[in-house]
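Let me begin by presenting the structure, written as structure tokens, before commenting on it.
The values are calculated or read from the model by the stated rules, or taken from the named source; none is laboratory data. For clarity, every value in this text was computed on a predicted model and none was experimentally measured. Cβ: placed from backbone, ideal geometry, glycine included. Neighbour counts: every protein chain shown.
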Amino acid sequence: MAAQRTLGINGIGRIGKLTLWHHLGRDDFDRFVVNTGRPVGTSLDSVVHYLSKDSTYGPLHRFLFGRSGTRDMSVVDEEKGLIRAYGKEILVLREARNPKDIPWRENGVALVVDCTGMFRDPREDADASRGALSGHLVGGAAVVVQSSPFKSAQKGAPLPDHAAILIHGINDYQFDPARHTLVSAASCTTTALAHMIRPLLDRELTRDMITAGMSTIHAVTNSQPVLDSVPKAGATDLRKTRGAMGNLVLTSTNAAAALEQVMPEIGVIGFMADSVRVPTQSVSLIILNVTFQSETLPDGTVSVDREAINAIYREAAEGEARGLLRLSDEQNVSADMLGEDAAVVIEGVETHTRTGFMNLKVPPRVPGESGGGTVRIPLTHVKVFGWYDNEMGSYTYRLGELTIRVARNM
């Protein structure tokens, strides 16, 4: 149990750093072992400098305590890699990049959050030359939580029995400590999308979707260059090599494929997803489009309309998705959502519906004879907008909650 009070974090890029911030502000872990995999700057003070400040969210002490906060992070032992921060110990490992070589066991780490984005195949052998997620288990971890979706060389193959994709508030209860050693927390977009779709699937009025698709207007990530760069060997999407801060970049997202693994019922709908990268630091927007078969009511209106959709989200926000989904009746811009603690915020004032009618031909009862006719069926297209702070509030907080669930059930 003592080891579970220690959390291992592999990689301190955007999500790794913010994961540490999140847990420094809670009492579930009192010790952290952070692996950078290489020397950082000129000394451990360079690590302290990096961890104490952030260009998007400001200084750590204000994030934790507001305007009254004061900086409390310092080097304790340069040689050992020890840092003290807000009453908690951070041990920084600066040598091994291959997961199997990271000394988790020697440092009392049973639970690791891998935030590198480099090791994504749950089937890959720990001895793979470039390293593998399962290597953490060789190094002494009992469970690894990955802060990105699984990506396997065996496309379309089911996940191995020891792996699971879990989203906090959606299916995290499925974690089985007797089985699962590798857990994916999916992605920021999949997390937000899942919380937009779940209330619709859980209501009889909107359960039977005919078609669905989404576009995410997504903030830049560190996978994009600041200025145009030379494509790597084998690169197929040349747009990803263009300067991130001066372009809108059309790209892809695996959110739909990942969502099917979390919500299998989505698979029969033929869900489509795409992404547009925009030059902002954080906060993204999902535009969800869904078509339903409606029912014409006696007063001439239809059963699925704007008020009905917003009522579903309002009910979910006040009920089963409290603290995870929020319905806003305000007119927001992306900056308003920075740090917002919700998987997704529905922009209720922009929910739109439009109903059209399809004339469905009905054949005669007896083939070859006259008769039959047409049936006029109302079809309602729904457009819903959902904000999500793709770095901190919407994703890292949900990743943190999942990590704590895993720790408590190990």
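Per-structure values
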{"item": "Of all residues in segment 1-38 being closer than 15 Å to ILE83 by Cα and over 24 Å from the mean Cα position of the chain (by Cα), the one that is surrounded by the most Cβ atoms within 10 Å (Cβ to Cβ)", "result": "ARG31"}
{"item": "Residue list for segment 286-345, filter: among the basic types (Lys, Arg) and under 23 Å from ILE167 (Cα atoms)", "result": "ARG314, ARG322, ARG326"}
{"item": "Selection count, segment 145-185, where residues are touching a residue at least 40 places away in the same chain (Cβ under 8 Å) and in a strand (DSSP E or B)", "result": "6"}
{"item": "Search result, residues across segment 9-57 that are out of contact with any helix residue (DSSP H, G or I) (no Cβ under 8 Å at 6 or more places or on another chain) and outside any loop (DSSP other than H, G, I, E, B)", "result": "ARG14, GLY16, ASN35, LEU44, ASP45, SER46, VAL47, VAL48, HIS49"}
{"item": "Pairs, first in contact (Cβ under 8 Å) with a residue 40 or more places away in the chain in segment 61-89, second acidic (Asp, Glu), C-beta under 6 Å, six or more apart", "result": "TYR86/ASP72; LYS88/ASP30"}
{"item": "Only one of PRO378, PRO367, PRO363 that is touching a Gly at 6+ places or on another chain (Cβ under 8 Å), of a type outside the set (Gly, Ala, Ser) and without any contact (Cβ under 8 Å) to a residue 40 or more places away in the chain", "result": "PRO363"}
{"item": "Among residues of segment 267-301, those that are modelled with pLDDT under 90 and either closer than 20 Å to ASP202 by Cα or buried (at least 19 other Cβ atoms within 10 Å of the Cβ) (or both), counted", "result": "7"}
{"item": "Residue list for segment 97-117, filter: touching a residue at least 60 places away in the same chain (Cβ under 8 Å), part of a loop (DSSP other than H, G, I, E, B) and surrounded by fewer than 19 Cβ atoms within 10 Å (Cβ to Cβ)", "result": "ARG97, GLY108"}
{"item": "Qualifying residue in segment 132-140 (condition: part of a loop (DSSP other than H, G, I, E, B), more than 24 Å from the chain's Cα centre (by Cα) and crowded, with 20+ Cβ neighbours inside 10 Å)", "result": "yes"}
{"item": "Qualifying residues in segment 39-72 (those that are aromatic (Phe, Trp, Tyr) and more than 22 Å from the chain's Cα centre (by Cα)) - the one modelled with the lowest pLDDT", "result": "PHE65"}
{"item": "Test for ARG198: is it at pLDDT 90 or above, crowded, with 20+ Cβ neighbours inside 10 Å and either among the acidic types (Asp, Glu) or part of a helix (DSSP H, G or I) (or both)", "result": "yes"}
